[in-house]
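What follows is calculated from the coordinates using simple rules that are stated; it is not laboratory data. Only a predicted model underlies this, so the values are computations on that prediction, with no experimental measurement involved. We place every Cβ from the backbone using ideal geometry, glycine too, and count neighbours over all the protein chains shown.
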Amino acid sequence: MKIIVDANIVFSGILNTNGKIGDLLINSKKRFDFIAPDFLRTEIKKHYSKLAKISKLTLEQIQESEFQICQDITFISEEQIKLSSWRIAEKLVADVDPNDAHYIAYAKHFKCKIWSGDKALIKGLAKKDFTNFISTDELFKRRGL
């Protein structure tokens, strides 16, 4: 099952590799294909100092957490996503959060769900009948163990 991973999920995983989100990202390779936009790598690096401040971890520890969390995520370049998917995504998020167009475009392109903890995005898009999200709890149930 393909899943688009939102930035807030990756940040949560980096901050707590032993938590529920970290566990899913690190230990679900056989069950899920996690996909993220390539720009997320840049976003992570841009927020190293904030992540270190929040977590009280060193830069080296943040980078080790990032490695663990991201090793089973396939990062895909934005150029590989169809223009039609981008157009739909941009319209959907225009008045919700234009910065989240990537995740919607990828979900449209790959015909899969988005794993996100962004309640404003989820609620805003639900009003437009876009409900293609999956929760952490639902992923846990689907993964089983």
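Points worth noting:
- Estimated [θ] at 222 nm from DSSP helical runs (n ≥ 4, -39500 (n - 2.57)) normalised by residues in the chain, nearest 500: -16000 deg cm²/dmol
- Exposed loop sites here are trypsin sites (Lys or Arg not before Pro) assigned a DSSP state other than H, G, I, E or B and surrounded by at most 10 other beta carbons within 10 Å; excluding them, the longest clear run of the chain is 57-110.
- At 1.567 mPa s and 4 °C, Stokes diffusion of segment 15-145 via Kirkwood alpha-carbon radius, µm² per second: 81
- Spin-label proximity, Asp33 to segment 60-87 - amide N less than 16 Å from point 7 Å beyond Cα toward beta carbon: 72-77, 80-82
- Pairs exceeding a 30 Å alpha-carbon distance, out of Lys45/Lys82; Lys2/Lys56; Lys50/Lys127; Lys56/Lys108: Lys2/Lys56; Lys50/Lys127; Lys56/Lys108.
- In segment 1-70, chymotrypsin sites (Phe, Trp or Tyr not before Pro) in a DSSP loop with at most 15 other beta-carbon atoms within 10 Å: none
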